[in-house]
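I have placed the structure first, in the form of structure tokens, so that the comments after it can refer back to it.
The values are calculated or read from the model by the stated rules, or taken from the named source; none is laboratory data. Predicted model, so just to flag it, every value in this text is computed and none were measured. Glycine gets a Cβ as well: all are built from the backbone with ideal geometry, and neighbour counts include every protein chain shown.
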Amino acid sequence: MFSGSIVALITPFKNGEVDYEALRNLVEFHIRGGTDAILVCGTTGEAPTLTFEEHEKVIEETVKYAAGRIKVIAGTGANATHEAIELTSHAKKVGADACLLVVPYYNKPTQEGIYRHFKTVADEVDIPIILYNIPSRTGVEIAPETIYRLVKECPNVVGSKESTPSMDRISELRRLLGDNFTILSGDDSLTLPMMALGAKGVISVANNVLPKEVKALTRYALEGDFRRARELHYYLWDLFKILFVETNPIPVKTACWLMGLCEKEFRLPLCEMRPENERKLVEVLRRYNIPIVRDVQY
């Protein structure tokens with residue numbers, strides 16, 4: 001159901017509020033760029049800093065702006081099951097195509113607790129669900145066996161976003177679940193190796209900046225043309241790395257600001273880049289001939 005290049009969209013802010021005009025323009029930018037789907041309210045969308053009301057409105061407005069022209073995946077995960085149910089129910093109500101639910105964070109549940117959490121949400125809300133495994137942020141990993149159990153019991157659990165460097169894990173997921181289960185890379189620099197093992201695409205940070213190129217990489221990989229996919233992988237390598245020189249989404253939102261797509265505004269505890277890192281970011285963007293419309297002296 002979901003494959004190719006899916007953008008992990010930033011959430012633009014202006015004067016302390018969500019900038020819905022900029023959000024609309026970002027949706028149009030990705031439709032023009034050929035992006036396959038938009039993920040809102042994920043890690044790159046600064047979801048932990050959104051109020052509950054903002055979180056729901058960003059999803060609703062994105063669906064409205066997309067108007068059926070591009071699929072919308074709503075980030076609706078939470079570390080409390082009842083909150084995840086409420087966010088997921090709202091996303092379904094306003095017309096999202098699927099939901100991405102992160103493994104519950106901070107409270108570090110057992111595998112049984114993780115299983116019960118996702119099964120409760122999946123049973124409660126009949127919408128395609130993509131699990132989000134990112135142990136570096138959540139403190140706990142969802143085991144392949146737990147995913148297998150969920151897939152067998154919940155028909156609407158259709159995939160997982162994998163933010164992990166372990167290709168053994170990707171191999172095990174593919175072996176256990178087969179081709180009908182959608183594995184998506186959660187790290188741009190790992191998209192090619194994951195797709196070589198059977199992943200269907202990427203939920204991408206770099207797509208915010210170069211949507212056509214990230215789309216082409218995934219298209220070549222899906223077609224089995226790994227020579228061209230590998231060429232694009234190495235071409236994009238410097239961009240992949242500079243966008244994680246500081247905590248995501250600080251560099252990518254700064255890049256979008258430099259491109260004139262949003263304001264350079266974050267919510268604490270996130271803040272602007274260190275000047276030396278922003279200078280490096282500008283240098284990399286210029287090497288890709290990305291138009292910089294802000295008056296910077298680097």
Condition test on residue 160, is it buried (at least 16 other Cβ atoms within 10 Å of the Cβ), modelled with pLDDT of 95 or more and assigned to a helix (DSSP H, G or I)? no
Only one of these is crowded, with 19+ Cβ neighbours inside 10 Å, within 27 Å of residue 253 (Cα to Cα) and touching a Gly at 6+ places or on another chain (Cβ under 8 Å): 50, 39. Name it. 39
In segment 219-234, how many residues are touching a helix residue (DSSP H, G or I) at 6+ places or on another chain (Cβ under 7 Å) and in contact (Cβ under 8 Å) with a residue 24 or more places away in the chain? 5
Within the set of pairs 6+ apart or on separate chains, which have a first residue in segment 74-103 that is within 22 Å of residue 141 (Cα to Cα), a second that is surrounded by fewer than 18 Cβ atoms within 10 Å (Cβ to Cβ), and C-beta atoms under 6 Å apart? 79/105; 79/106; 79/107; 81/120; 85/124
Filter result for the condition that a residue is under 20 Å from residue 126 (Cα atoms) and either buried (at least 17 other Cβ atoms within 10 Å of the Cβ) or at pLDDT 95 or above (or both), over 72, 18: 72
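Quick one: in segment 210-248, which of the residues that are charged (D, E, K, R) and within 16 Å of residue 38 (Cβ to Cβ) is surrounded by the fewest Cβ atoms within 10 Å (Cβ to Cβ)?
Within segment 210-248, the first condition is being charged (D, E, K, R), and the residues that meet it are 212-213, 215, 219, 223, 225, 227-228, 230-231, 238, 241, 246.
Adding the requirement that they be within 16 Å of residue 38 (Cβ to Cβ) leaves 212, 215.
Values: 212: 12, 215: 24.
Here the residue is 212.
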Within segment 201-209, is there a residue that is out of contact with any Phe, Trp or Tyr (no Cβ under 9 Å at 6 or more places or on another chain), surrounded by fewer than 23 Cβ atoms within 10 Å (Cβ to Cβ), assigned to a helix (DSSP H, G or I) and not hydroxyl-bearing (Ser, Thr, Tyr)? no
Would you mind stating whether residue 122 is closer than 23 Å to residue 3 by Cα, small (Gly, Ala, Ser) and in a helix (DSSP H, G or I)? yes
Could we say that residue 247 is hydroxyl-bearing (Ser, Thr, Tyr) and either in contact (Cβ under 8 Å) with a residue 40 or more places away in the chain or within 19 Å of residue 19 (Cβ to Cβ) (or both) here? no
Restricting segment 266-283 to residues that are surrounded by 13 or more Cβ atoms within 10 Å (Cβ to Cβ) and under 22 Å from the mean Cα position of the chain (by Cα), the one nearest to residue 10 (Cα to Cα) turns out to be 266
Neighbours by Cβ (under 8 Å, 6+ apart or cross-chain): first from segment 110-121, modelled with pLDDT of 95 or more; second surrounded by fewer than 14 Cβ atoms within 10 Å (Cβ to Cβ) and assigned to a helix (DSSP H, G or I): 111/145; 119/153
Under 9 Å between Cβ atoms, which residue pairs at least 6 apart in sequence (or on different chains) link something in segment 280-297 that is within 19 Å of residue 240 (Cβ to Cβ) and free of Cβ contacts under 8 Å to residues at least 24 places away in the same chain with a partner that is assigned to a loop (DSSP other than H, G, I, E, B) and not aliphatic (A, V, I, L, M)? 283/298; 286/298
Being among the aromatic types (Phe, Trp, Tyr), in contact with a Phe, Trp or Tyr (Cβ under 9 Å, 6 or more places away or on another chain) and not in a strand (DSSP E or B) narrows it down to one of 65, 106, 115, so name that one. 65
Does any residue of segment 132-151 turn out to be under 21 Å from residue 175 (Cα atoms) and in a strand (DSSP E or B)? yes
Some residue of segment 51-60 being part of a helix (DSSP H, G or I) and under 22 Å from residue 200 (Cβ atoms): no
Residues within segment 75-97 that are part of a helix (DSSP H, G or I) and buried (at least 22 other Cβ atoms within 10 Å of the Cβ), tallied: 4
What is the one condition in (1) part of a loop (DSSP other than H, G, I, E, B); (2) without any contact (Cβ under 8 Å) to a residue 60 or more places away in the chain; (3) in contact with a strand residue (DSSP E or B) (Cβ under 9 Å, 6 or more places away or on another chain) that residue 1 does not satisfy? (2)
I'd like the full set of residues that are farther than 19 Å from residue 43 by Cβ and either assigned to a helix (DSSP H, G or I) or not hydrophobic (A, V, I, L, M, F, W, C) (or both), limited to segment 183-200. 192, 193, 195, 196, 198, 200
